[in-house]
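I have placed the structure first, in the form of C-alpha cells, so that the comments after it can refer back to it.
The values are calculated or read from the model by the stated rules, or taken from the named source; none is laboratory data. As the structure is a prediction and not an experimental result, all values here were calculated from the model. Note that each Cβ is placed from the backbone with ideal geometry, even for glycine, and that neighbours are counted across all protein chains shown. With ligands, DNA and RNA removed, areas are computed over all heavy atoms of the protein, side chains included. Shrake-Rupley method; radii C 1.70, N 1.55, O 1.52, S 1.80 Å.
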Amino acid sequence: RLLALWSKDLPRMLDACGVRRAHCFLGAFASGFMDMPRLEAGLAHAAKILPGDALVEIMVHPGGFSPEETKGHSAAYASFYASQRRMTEKAMLLSPAFHTLLRRHDSTWPGAEI
C-alpha cells in the first residue's frame with residue numbers, strides 16, 4: 001500500500017518526461033509459476049484492454065541451479081533456486097513457442113536466440 005501511495009504520480013511524471021514505461025505487469029514476485037497458458041492468457045487480456053503500443057512487462061524466475069550450487073544456503077533458498085517450477089520457466093523462455101507467442105503480440109519481437 002505504501003509503494004502504491006508513494007508512486008501514484010510516477011506514471012504521469014514518466015509520461016511528461018517522455019519515458020516509456022510498462023502499462024501492464026504479468027507475473028508475481030518470486031512465484032515461479034509462469035507458464036505458457038498463463039502467459040498466453042495474460043497477453044490476450046492485455047491486448048483487449050491496452051492500446052496497441054502499450055508495453056507489457058513479464059516477470060519470470062528461470063532456474064538452473066543444481067543442489068550442489070545451493071550448498072551453504074538455507075533450505076528455503078536452496079529449494080526455491082533448484083525448484084522444478086524455475087526449470088519450467090527456463091524451458092518456457094527457451095522454447096520456440098515463447099518466441100512465437102511474443103511475435104504474435106509484438107511484430108517487432110525478433111525472437112532472438114537466448
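Can you give me the solvent accessible area of residue 58 with a 1.4 Å probe, rounded to the nearest 10 Å²?
Rounded to the nearest 10, the figure is 50 Å².
Extension gain residue 7-residue 54, at 0.36 nm per residue separation less the Cα-Cα distance, in nm?
So the chain would gain 15.0 nm between residue 7 and residue 54.
What is the Å³ per residue value for the convex hull set by the Cα atoms of the stretch 32-98?
Output value, Cα hull per residue: 97 Å³.
Residue-wise, which Karplus ³J(HN,Hα) couplings in Hz belong to the stretch 56-71, taking 6.51 cos²θ - 1.76 cosθ + 1.60, θ = phi - 60°, and x for glycine or proline?
For the stretch 56-71, the Karplus-derived couplings read 10, 8, 10, 10, 9, 10, x, x, x, 6, 8, x, 5, 6, 9, 4 Hz, x marking Gly and Pro.
Using 1/(1 + (r/R0)^6) with R0 = 30 angstrom and r between the beta carbons of residue 100 and residue 14, what's the FRET efficiency to the nearest 0.05?
Efficiency, rounded to the nearest 0.05: 0.45.
Considering the Cα trace of the chain, what is its radius of gyration and what is Dmax, both in angstroms?
Rg then Dmax for the chain, in Å: 17.0, 49.
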